[in-house]
Amino acid sequence: MQFHRCPLSAGLLGPPRPGSPEENFSQKFFHNLIHDPEIFEAEIQKRKSQSSRAQSSGKNDLRWIPIAEEVLKLARSPLSPPPVPRVLEHLGDRFPHCRDIVHLVRDLATLTNISEGPLRLPPILLLGPPGIGKTTVALEMAKVFGVPSRTVNMAGVSASFVLVGASLVWASGKSGAVLELLLKGMGNPAMILDELDKAGESVEEGRRSILDSLLNLLEPTTAGNFTDEALDWPVDASRIVWIATANNPKRIPDPIFSRFHVAEIREPTQKEMEEIIIPSLYQDILSEYQLNGRFPQEISSEIARLLGQNPRTARRRIIQMLARAATVNATRLDRTMIPEFEREKWMRRKSAQTIGFNVQKEEHDDSPFPELG
């Protein structure tokens with residue numbers, strides 16, 4: 001069924017924008033972002049009138065009106081249907097160490113397919129050691145869902161304005177990540193909270209912490225009446241798909257932790273790295289940097305063995321290797337193009353030149369091939 005606008009006045013809404021969800025998205029699920037759009041539209045018109053008469057609040061209204069009009073345009077937003085289960089199976093094949101959570105999402109997708117409803121998932125926490133690809137899997141899940149996504153790095157963040165915005169009475173006031181994500185045009189987008197266990201809890205007196213705000217957003221009832229500080233009007237954020245990553249569950253407050261479905265992600269085996277994950281990462285990087293046709297389409301097993309034992313290290317080394325190959329105008333890849341391998345050769349040469357000393361690798365940070373962060 002073709003998406004149609006909700007029956008608000010055409011003056012503000014106008015025809016569908018080119019490339020907008022209304023123009024391109026054909027399905028039967030909708031989401032009421034605003035509970036009373038007619039009242040909200042009347043408020044917009046009222047503030048327009050006040051600002052034109054240069055009343056005291058006019059300056060703030062001039063900043064509020066464009067935000068409010070964007071919200072009104074999406075007062076009835078499309079909802080993405082659940083993904084086809086076989087697409088999720090393919091994601092599990094690409095990340096075999098994450099199959100448990102992928103299969104859980106597949107089962108939930110199957111359930112919503114049976115009920116013929118839109119995509120709806122409980123908050124998910126991907127828990128495991130650093131560097132194993134948790135954030136990558138979260139981003140790939142959002143792609144499979146076919147929804148807009150946004151990643152918020154929670155490390156060191158304590159103030160709530162990152163998620164819920166800041167009042168326009170302040171010069172720095174603006175909408176937060178939640179409203180900005182909803183304004184991407186889909187009622188059930190994916191919010192990825194990276195390193196949730198590193199979020200700060202201490203804030204200035206009188207201000208909410210980011211974890212306090214998150215607690216309300218994770219509860220469908222309170223999220224259904226979410227108020228961004230800049231918009232200062234309730235919207236329905238209950239359909240957002242929340243995916244968080246963390247290393248240490250002990251650093252997540254119990255009220256937050258208990259609201260997530262926790263999926264423990266194990267470290268991939270060396271065989272999985274060499275045969276599945278590294279070849280998949282290599283293909284992704286070729287596409288990301290538009291290098292298809294410039295380098296071999298497949299990575300050799302010999303090189304795969306040298307690229308690291310976790311996805312983060314492997315990705316960094318693949319990029320470094322391709323950059324080195326591009327620098328020397330090579331079209332073939334070999335082990336000498338891996339910076340870490342070159343560094344080891346350099347260290348062996350230095351060790352051979354040193355008589356009576358056991359030269360340690362970490363003592364030579366001035367190596368010509370330092371590891372990039």
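Within the stretch 119-143, which residues are surrounded by 20 or more Cβ atoms within 10 Å (Cβ to Cβ) and more than 18 Å from T245 (Cα to Cα)?
The answer is L119, and nothing else.
Within the stretch 207-230, how many residues turn out to be of a type outside the set (D, E, K, R) and out of contact with any Leu (no Cβ under 8 Å at 6 or more places or on another chain)? Working first, answer last.
Going residue by residue through the stretch 207-230, those that are of a type outside the set (D, E, K, R) are 209-211, 213-218, 220-227, 230.
Okay, now just the ones that are also out of contact with any Leu (no Cβ under 8 Å at 6 or more places or on another chain), so 209, 211, 215-216, 218, 220-222, 224-225, 227.
Qualifying residue count for the region: 11.
If you scan the stretch 82-117, which residues turn out to be more than 22 Å from Q270 (Cβ to Cβ), in contact with a strand residue (DSSP E or B) (Cβ under 8 Å, 6 or more places away or on another chain) and crowded, with 20+ Cβ neighbours inside 10 Å?
The answer is V105, and nothing else.
Condition first: closer than 19 Å to P130 by Cα and either loosely packed, with under 15 Cβ neighbours inside 10 Å or not hydrophobic (A, V, I, L, M, F, W, C) (or both). Can you find one or more residues in the stretch 227-247 that meet it? Before the answer, list the steps.
Taking the stretch 227-247 and keeping what is closer than 19 Å to P130 by Cα, we get 243-247.
In the following step, the residues that additionally are either loosely packed, with under 15 Cβ neighbours inside 10 Å or not hydrophobic (A, V, I, L, M, F, W, C) (or both) were identified as 245, 247.
Yes, the stretch 227-247 contains at least one residue that is closer than 19 Å to P130 by Cα and either loosely packed, with under 15 Cβ neighbours inside 10 Å or not hydrophobic (A, V, I, L, M, F, W, C) (or both).
Okay, residues lined up against (1) at pLDDT 95 or above; (2) assigned to a helix (DSSP H, G or I); (3) farther than 25 Å from S175 by Cα:
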{"site": "I256", "(1), (2), (3)": "yes, yes, no"}
{"site": "M273", "(1), (2), (3)": "no, yes, yes"}
{"site": "S280", "(1), (2), (3)": "no, yes, yes"}
{"site": "E298", "(1), (2), (3)": "no, no, yes"}
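Output the helices (runs of 4 or more DSSP H) that fall wholly within the stretch 40-134 and possess 1 or more residues being outside the structural domain of N247 (by TED's automatic domain parsing) and among the polar types (S, T, N, Q), or say none.
Per the criteria, 58-73.
The values are calculated or read from the model by the stated rules, or taken from the named source; none is laboratory data. It should be emphasised that the depicted structure is a prediction, and the values quoted were computed from it without experimental measurement. With ideal geometry, Cβ positions are generated from the backbone for all residues, glycine too; neighbour counts draw on all protein chains shown.
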